[in-house]
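Below is one structure; the comments refer to it alone.
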Amino acid sequence: MGKGIWVYAEHKNGKVKKVTYEMLGAARQLADQLAEEVAAVIIGKEVGELASALGEYGADKVYVVENDALAEYTTDGYTRALAGLALEHRPTAIFLGCTVQGRDLAAQVAQRLQTGLCTDCTKVELQDGQITLTRPIYAGKAFVQVVCPEARPVMATIRPNVLPPAEPQAGRTAEVVMADDVQPGDIRQIIKEVVRQVSSRPELTEADIIVSGGRGMKSAENFKILEELADVLGAAVGASRAAVDAGYAPHSMQVGQTGKTVSPQLYIACGISGAIQHLAGMGSSKVIVAINKDPEANIFKVADYGIVGDLFEVVPLLTREFRRLLGKE
Amino acid sequence: MKVVVLTKQTFDTEAKITLDAQGKINPEGVSLIMNPYDEFAVEEALRIKEKTKGEVTVVSMGGPKAQDVLRQALAMGADRAVLITPELEEMDEYTTATILAKAVSRMEYDLILGGWRAIDDGSAQVAGRVAEILGLPVVNMVIKLEIAGGKVLATREIEGGSEVVEVPLPVVITAQKGLNEPRYPTMKGIMQAKKKPMEKLALSDLGLTAEEVAPKVRALKYFLPSPRAQGKIVPGEPAEAAAALVRLLREEAKVI
Amino acid sequence: MNFTLTEEQELLRQTVRDFAENEVAPKAAEMDEKEEYDWTLWDKMAEMGLTGIPFPEEYGGAGMDNLSYAIAVEELSRVCASTGVLISAHTSLCSWPIYAFGTEEQKRKYLVPLAEGKKIGALGLTEPSAGSDAGAVKLSAVRDGDEYVLNGTKIFITNGGRADVYVVVARTDPDMSKKHRGTTAFIVEKGTPGFTFGKKEHKMGIRASYTYELVFDNCRIPKENMLGKEGEGFKIAMATLDGGRIGIAAQALGIAQGAFEQALAYSKVREQFGRPICANQGIAWMLADMATRIEAARLLVYQAAFLKDNKLPYGKESAMAKLYASEVAMWVTTKAVQIHGGYGYTREYPVERMMRDAKITEIYEGTSEVQRIVIANYLLK
């Protein structure tokens with residue numbers, strides 16, 4: 001044992017993000033094949049208590065970097081912490097979630113470690129003894145398989161919701177290493193203000209179900225019928241670029257090549273024509289449902305199930321049916 | 001204020017992707033555009049220039065065709081352009097960032113702007129790497145930018161919200177949609193663009209060798225996703241179809 | 001021979017195409033339906049400098065060539081023919097005669113705001129009994145001291161009602177036997193007492209383009225507003241139409257191109273008998289013919305613009321371009337509707353609008369028959 005496959009454990013509101021467990025599953029498999037250890041790295045203020053969960057999900061070791069200056073994520077502080085640990089322990093690979101934070105951090109750390117970085121990976125495997133990463137390019141219209149032959153660590157960000165999460169084993173524990181010598185140093189980014197939209201709905205990129213609206217929604221107010229459906233299903237609400245450009249929805253809800261890439265179990269597209277750039281952002285969904293009044297709409301070409309009809313009629317009916325099915329009446 | 005904007009030429013978002021005989025992405029017949037996120041960066045640079053009487057330099061890396069995006073930026077109002085054509089077989093983000101950082105290091109700058117990612121490989125790391133090489137702080141995915149007294153107040157997108165970050169100049173800022181509404185080049189701008197300087201550089205002009213910028217990551221193969229099988233249209237009146245769909249999602253697709 | 005466009009022309013095409021697709025196309029169907037133009041588009045075009053493309057910068061223009069202008073009209077018409085004719089009539093029919101025949105003072109006063117898009121222009125030529133026979137205009141202009149007094153009506157005036165500046169061809173010599181030699185051109189501003197608008201036409205196509213009757217009732221125009229010399233009205237009108245034909249030819253070309261692209265895309269996604277309809281040779285050959293004729297039309301249009309840019313005679317070539325491009329537009333749009341089948345006949349798809357829009361290009365600024373007369377006159381003289 002030694003070196004190690006590292007997983008950066010991103011956390012929010014005192015909870016480790018789901019993608020961390022997905023990465024721990026992949027890391028476990030690689031580590032077993034390479035006879036190396038799996039280590040999780042968690043950075044923040046008073047985050048040590050999250051280490052036990054990481055152990056249950058397969059980490060052999062958990063590096064904990066705790067510092068008051070790391071209470072909030074900053075590019076400089078976290079880069080210095082993660083890169084510092086990596087320079088000290090020289091792992092074989094580091095995986096981060098392909099989230100806003102993961103992307104931000106990964107690029108800085110990779111450059112500081114003078115290594116390659118493969119972003120937004122949807123597959124991690126060992127081929128001919130090399131860690132081989134597959135990632136979508138052109139927003140999913142093509143894929144490329146890459147390796148990082150010499151430079152170490154191999155670095156990758158992993159798309160949330162794609163890899164199966166590790167199975168937790170109750171009582172399994174990890175060795176906790178308090179990395180007290182890692183200092184955040186000067187942090188040039190000062191966080192002045194954080195504004196979080198209060199929403200009971202899941203993040204688009206992490207949601208199991210997404211209800212999405214396009215130009216056919218005709219107005220911002222009409223999104224209410226999608227929200228009602230979403231709330232019955234515990235789903236997130238998305239939008240096409242056409243809907244965002246028309247001002248019906250904010251850009252943070254946009255799914256597609258110039259928005260978010262999502263891979264839910266179920267994607268319900270309402271009044272979305274299916275422009276190629278939208279399909280690129282949601283084409284990896286497990287099941288796609290399309291509701292559109294135009295039977296020629298491109299979206300039906302990728303949909304598993306389609307209803308040709310007026311969404312303003314169909315969506316409320318669907319909401320009613322789901323409510324009945326899920327006993328939420 | 002001297003602003004440098006990093007831009008990239010990408011395939012149009014509507015482009016259909018195919019592979020060529022060598023199994024690589026086929027660029028033939030695809031219309032090329034300025035990476036949409038870079039357009040926000042160019043626009044922001046121009047607005048800063050208009051406020052502070054500064055100068056805007058646009059930099060791109062690529063073949064002769066990449067001049068088109070630089071020319072577009074010049075027509076929008078940028079002052080000068082630099083095109084680097086490294087003529088390398090294999091490149092990755094490390095390669096690109098190393099070259100761009102070297103080119104930028106020869107310039108005067110207070111601010112470096114770029115799109116937060118390109119819509120082609122979407123790797124979102126070149127600007128960050130450039131910052132790291134130049135020893136500058138970076139703020140990614142910025143949707144609002146204010147500059148005063150040698151400091152930048154940048155509002156950036158984070159999951160489920162936004163945060164305001166204060167950072168000293170010089171700094172690397174990457175643009176997210178929402179930062180601004182990019183202008184169209186004017187006809188006069190198009191006519192003036194030709195008269196503005198466009199410097200063309202090879203790798204050796206930057207004092208770099210192919211070995212120094214050798215990629216860390218190598219592509220094994222490219223492939224296209226297998227097409228989704230055409231699904232079924234659920235027939236019937238809306239009420240009937242809705243009920244049938246819900247049943248199918250539970251019993252057949254098993255996603256509910 | 002060089003068939004490649006300059007970098008500026010390429011960039012202009014890309015810019016106008018982006019603008020047309022992002023800003024104009026989403027509004028085209030609604031503007032057609034309501035017979036109303038969204039004038040915020042005009043303001044945006046003015047800001048971009050699309051309202052004065054072929055005029056020198058000193059007169060508020062972009063200092064570009066006529067080929068660039070033709071490309072711009074083509075690209076606008078590709079998504080919205082009403083926008084194409086708005087720019088075309090404004091530029092070719094009003095700004096151009098002022099540029100070509102106006103005094104320095106007239107250019108300063110009228111061309112500059114027209115080219116900058118602060119004002120919109122129109123040409124008043126056609127009358128109820130002077131259509132193709134433009135020399136037969138009856139609207140009278142009688143000299144009275146330092147003024148001319150205008151009486152009569154003009155019909156089918158593109159941009160009428162909305163335009164601020166009108167070039168109006170009137171009869172200054174009441175002797176009708178003098179025919180076209182008795183006509184003179186004037187610049188008339190909207191709001192001049194005695195100048196009002198009559199009926200608005202409701203049309204088959206280009207429905208977002210305003211077509212109005214102009215009514216002159218003892219409308220007094222200062223003599224400084226005479227364009228060119230007395231008796232030159234017909235000459236100015238004909239020279240204007242020579243150039244105007246390039247604009248209309250470019251409009252027709254754009255309509256054809258837009259309809260062709262719609263049909264091509266539709267033929268790939270519409271499936272019948274288990275395969276896309278473009279897999280049928282009947283459809284594929286139709287597409288091949290459409291593309292070929294469009295390209296031939298494009299070469300004629302660009303050639304006419306090229307000749308004008310190089311100060312070479314272009315009257316015959318612009319008539320050929322207008323004749324051919326307009327007939328290609330009608331043919332291509334008809335085929336595009338055919339390829340769309342029943343859907344093509346509905347307003348769910350833009351091709352029926354394009355077919356309606358195409359028809360006018362065979363009629364205005366000289367019908368196809370008049371173009372053939374013009375061409376034949378060149379051949380037989």
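See the values below:
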| read-out | value |
| --- | --- |
| Within the stretch C:263-317, considering residues that are surrounded by fewer than 20 Cβ atoms within 10 Å (Cβ to Cβ) and of a type in the set (G, A, S), the one nearest to the chain's Cα centre (by Cα) | C:A296 |
| The one condition in (1) more than 7 Å from every other protein chain (Cβ to nearest Cβ); (2) modelled with pLDDT under 95; (3) surrounded by 16 or more Cβ atoms within 10 Å (Cβ to Cβ) that A:A93 fails to fulfil | (2) |
| Verdict on B:K51 being under 26 Å from B:K221 (Cβ atoms), open to solvent by 40 Å² or more (accessible area, probe 1.4 Å) and either in contact with a Phe, Trp or Tyr (Cβ under 6 Å, 6 or more places away or on another chain) or in a helix (DSSP H, G or I) (or both) | no |
| Subset of the stretch A:230-248 [assigned to a helix (DSSP H, G or I), open to solvent by 40 Å² or more (accessible area, probe 1.4 Å) and closer than 19 Å to A:E321 by Cα] | A:D231 |
| Members of the stretch C:35-84 that are assigned to a helix (DSSP H, G or I), in contact (Cβ under 8 Å) with a residue 60 or more places away in the chain and open to solvent by 30 Å² or more (accessible area, probe 1.4 Å) | C:D43, C:E47 |
| Odd one out for A:S273, checked against (1) surrounded by fewer than 24 Cβ atoms within 10 Å (Cβ to Cβ); (2) out of contact with any Gly (no Cβ under 7 Å at 6 or more places or on another chain) | (2) |
| Count of residues meeting criterion [away from every other protein chain (no Cβ under 14 Å) and under 13 Å from B:V58 (Cα atoms)] in the stretch B:1-40 | 5 |
| Filter result (more than 8 Å from chain B (Cβ to nearest Cβ) and free of Cβ contacts under 8 Å to residues at least 60 places away in the same chain) within the stretch A:260-278 | A:K260, A:Y267, A:I268, A:A269, A:C270, A:G271, A:S273, A:G274 |
| Residues of the stretch B:205-234 satisfying the condition of being assigned to a loop (DSSP other than H, G, I, E, B) and facing another protein chain (nearest Cβ under 9 Å) | B:P215, B:K216, B:V217, B:L224, B:P225, B:P227, B:R228, B:A229, B:Q230, B:G231, B:V234 |
| Residue in the stretch A:222-229 that is within 30 Å of B:I17 (Cα to Cα), open to solvent by 40 Å² or more (accessible area, probe 1.4 Å) and either in contact with a strand residue (DSSP E or B) (Cβ under 8 Å, 6 or more places away or on another chain) or at pLDDT 95 or above (or both) present | no |
| Filtered residue count, the stretch A:280-313, keeping only those that are open to solvent by less than 30 Å² (accessible area, probe 1.4 Å), closer than 20 Å to B:A239 by Cβ and touching a residue at least 40 places away in the same chain (Cβ under 8 Å) | 2 |
| Condition check for B:A75: outside any loop (DSSP other than H, G, I, E, B) and under 17 Å from B:T186 (Cβ atoms) | yes |
| Residue within the stretch C:322-332 that is in contact with a Gly (Cβ under 8 Å, 6 or more places away or on another chain), under 20 Å from C:F156 (Cβ atoms) and assigned to a helix (DSSP H, G or I) present | yes |
| Filtered residues of the stretch A:165-193 (kept if at the interface with another protein chain (Cβ under 9 Å from one of its Cβ atoms) and open to solvent by 60 Å² or more (accessible area, probe 1.4 Å)) | A:R188, A:I190, A:K192, A:E193 |
| Flag if A:L85 is away from chain B (no Cβ under 14 Å) and surrounded by 18 or more Cβ atoms within 10 Å (Cβ to Cβ) | yes |
| Count of the stretch C:7-28 residues which are more than 14 Å from chain B (Cβ to nearest Cβ) and within 18 Å of the chain's Cα centre (by Cα) | 1 |
| Any hit, the stretch C:208-226, residues being in contact (Cβ under 8 Å) with a residue 12 or more places away in the chain, touching an Asp or Glu at 6+ places or on another chain (Cβ under 8 Å) and of a type in the set (F, W, Y) | yes |
| Residue match in the stretch C:94-106 (condition: more than 17 Å from the chain's Cα centre (by Cα) and open to solvent by less than 20 Å² (accessible area, probe 1.4 Å)) | yes |
| Which listed residue, of A:G77, A:G58, is open to solvent by less than 10 Å² (accessible area, probe 1.4 Å), at positive phi and in the same structural domain as A:G129 (by TED's automatic domain parsing) | A:G58 |
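One line per residue, one yes/no per condition, for (1) within 28 Å of C:K200 (Cα to Cα); (2) within 12 Å of chain B (Cβ to nearest Cβ); (3) charged (D, E, K, R):
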{"site": "C:N2", "(1), (2), (3)": "no, no, no"}
{"site": "C:E30", "(1), (2), (3)": "yes, no, yes"}
{"site": "C:E33", "(1), (2), (3)": "yes, no, yes"}
{"site": "C:A46", "(1), (2), (3)": "yes, yes, no"}
{"site": "C:F55", "(1), (2), (3)": "no, yes, no"}
{"site": "C:E74", "(1), (2), (3)": "yes, no, yes"}
{"site": "C:A89", "(1), (2), (3)": "yes, no, no"}
{"site": "C:Q106", "(1), (2), (3)": "no, no, no"}
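The values are calculated or read from the model by the stated rules, or taken from the named source; none is laboratory data. Everything numeric in this text was worked out from a predicted model, so none of it was measured. As a convention, Cβ positions derive from the backbone with ideal geometry for all residues, glycine included, and neighbour counts pool all protein chains shown. What goes into the accessible areas is simple: the full protein's heavy atoms, side chains included, and nothing from ligands, DNA or RNA. Shrake-Rupley method; radii C 1.70, N 1.55, O 1.52, S 1.80 Å.
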